[in-house]
1. What is the distance, in nm, between label points placed 7 Å from the Cα along the Cα-to-Cβ direction at Gln143 and at Asp164?
2. Toward the positive end of the charge dipole of the chain, about the Cα centre and with charges on Cβ (Lys, Arg +1; Asp, Glu -1), which of Ala53, Phe68, Leu205 goes farthest?
3. Pick from Pro28, Pro211, Pro36: which residue has the top mean-square fluctuation in a GNM of the chain where Cα pairs under 10 Å get a spring?
4. Suppose every K and R has +1 on its Cβ and every D and E has -1 on its Cβ; what is the size of the dipole of region 1-99 about the Cα centre, in Debye to the nearest 20?
5. Return the sequence-ordered ³J(HN,Hα) values of region 105-122 in whole Hz as given by the Karplus equation 6.51 cos²θ - 1.76 cosθ + 1.60 applied to θ = phi - 60°, using x for Gly and Pro.
6. How big is the Rg/Rh ratio for region 36-171, C-alpha atoms only, Rh by Kirkwood, two decimals?
7. Hand me the trypsin sites (Lys or Arg not before Pro) from region 99-169 located in a DSSP loop with no more than 12 other Cβ atoms within 10 Å, in residue order please.
8. Taking the Cα centre of the chain as the origin and placing charges on Cβ (Lys, Arg +1; Asp, Glu -1), which of Gly233, Ala27, Gln6 is farthest toward the positive end of the dipole?
Amino acid sequence: LFEKIQAFVVHYEARLVMADQGQVELAPELRSDAIPIALPEGDEKVQIFAYYAGVEPTDRLSYLSRSFTNAFDLQIAGKCHARGDNPASRWELYGRYVRDSLKGEHIVASAFLRTIAGEMTEALSMSIGRDRFEFLAERFYSQEGEPLSAIQSLLESRLILAGDKYIWFEHELLLDFFKAQYLWRKNDSPENLANALSRPRNCHLVELMLPQCSDTASLEAVLAKTDDAKTFGLA
């Protein structure tokens, strides 16, 4: 894919702005300016956490916010702060955020969002066409005996965002959360789950998957397939 982008730039003498979470090696004929945007640190974390928690920054918030590495995690941790207990993992944090966002419609809506995440996973896409989304939503909610008005409630939850042509998740990390749920339910054995996670497009999901592994066989199978030091450290 990156080679195709380079070819486009060279052929059309184009200028592109792109974002990446790692270092990118460009072809020698391409000139570029890299603008690094660092993750929040120290007081920045406290300010983000406190803003979404609706409280004043304190030393205790400094302690609570320390373990979150990015602004999205800090945002949803702040929103869930009123519960009074800190989540033990990113998996628990996202689960709490989804339940709070969907309230009484959580079970059916979460199941549908797993379906959407599965579509995106199989298509290697960060979005889904709006027509396709509405088709799947109408079929899914009808099969569950739920009113179609629930689809509108889901769109208003901000867990997913809607444009004229496409639907996407509020944040790519939230998409990862539902991707992990999708893979957990799709694979019927620890070995199949571990093999799915070992694929390059899924290996970053190990951090989210491990807290779900309540049995030793699943835990050992997933860990045996984890060979990336950074991913392993986060998990």
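1. About 3.2 nm, to one decimal.
2. Checked the options; the winner is Ala53.
3. Pro28
4. Working: 11 positive and 14 negative charges, 106 e Å.
The dipole of region 1-99 has a size of about 500 debye.
5. 9, 4, 5, 5, 5, 5, 4, 5, 5, 5, 4, 5, 4, x, 4, 5, 4, 5
6. Values: Rg = 17.1 Å, Rh = 16.5 Å.
With Rh from the inverse mean 1/r over Cα pairs, Rg/Rh is 1.04.
7. Working: sites: Arg99, Lys103, Arg114, Arg130, Arg132, Arg139, Arg158, Lys165; in loops: Arg158, Lys165.
The qualifying sites are Arg158, Lys165.
8. Highest projection toward the positive end goes to Gly233.
The values are calculated or read from the model by the stated rules, or taken from the named source; none is laboratory data. Not measured: the values here are computed from a predicted model. No Cβ is skipped: glycine too gets one built from the backbone with ideal geometry, and neighbour counts run over all protein chains shown. For accessibility, only protein heavy atoms count, side chains too; no ligands or nucleic acids. Shrake-Rupley method; radii C 1.70, N 1.55, O 1.52, S 1.80 Å.
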